[in-house]
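Visitor: The structure that follows is given in the form of structure tokens.
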Amino acid sequence: MDTIGLRSIATVLALVTFVGIWVWAWSGRHKKDFDEAARLPLEGDEE
């Protein structure tokens, strides 16, 4: 296998990984966790 073949495989693997992370992040199962994480900077400022 030559260099172009290895680069092609690496590109496809990177794309599949990116799409997998994107689907995981946008799935509805994690909405509650992400909403809680988004509010973290605003909590605890009362002193």
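The values are calculated or read from the model by the stated rules, or taken from the named source; none is laboratory data. Remember, it's a predicted structure, so these values are computed and weren't measured experimentally. Here the Cβ is made from the backbone with ideal geometry for all residues, glycine too, and neighbour counts use every protein chain on show. These area figures cover heavy atoms from the full protein model, side chains too; ligands, DNA and RNA do not enter into them. Shrake-Rupley method; radii C 1.70, N 1.55, O 1.52, S 1.80 Å.
Visitor: If you count only protein heavy atoms and use a 1.4 Å probe, how large is the accessible surface of residue 8, to the nearest 10 Å²?
Guide: Only protein atoms counted, so the area is about 60 Å².
Visitor: Return the carbon/sulfur percentage of the accessible area of the chain, one whole number, probe 1.4 Å, all protein chains in place.
Guide: That share works out to 68 percent.
Visitor: Hey, another quick one. With 10 Å bins from zero, work out the P(r) of the chain over every alpha carbon pair and list the percent per bin.
Guide: 22, 25, 21, 17, 11, 3, 0
Visitor: Assuming R0 = 30 Å, what is the FRET efficiency of residue 2 and residue 23, from their Cβ-Cβ distance, to the nearest 0.05?
Guide: 0.40
Visitor: Given the rule -39500 (n - 2.57) for each run of at least 4 DSSP H residues, summed and divided by the residues of the chain, what is its mean residue ellipticity at 222 nm, to the nearest 500 deg cm²/dmol?
Guide: It comes out at -23500 deg cm²/dmol, rounded to the nearest 500.
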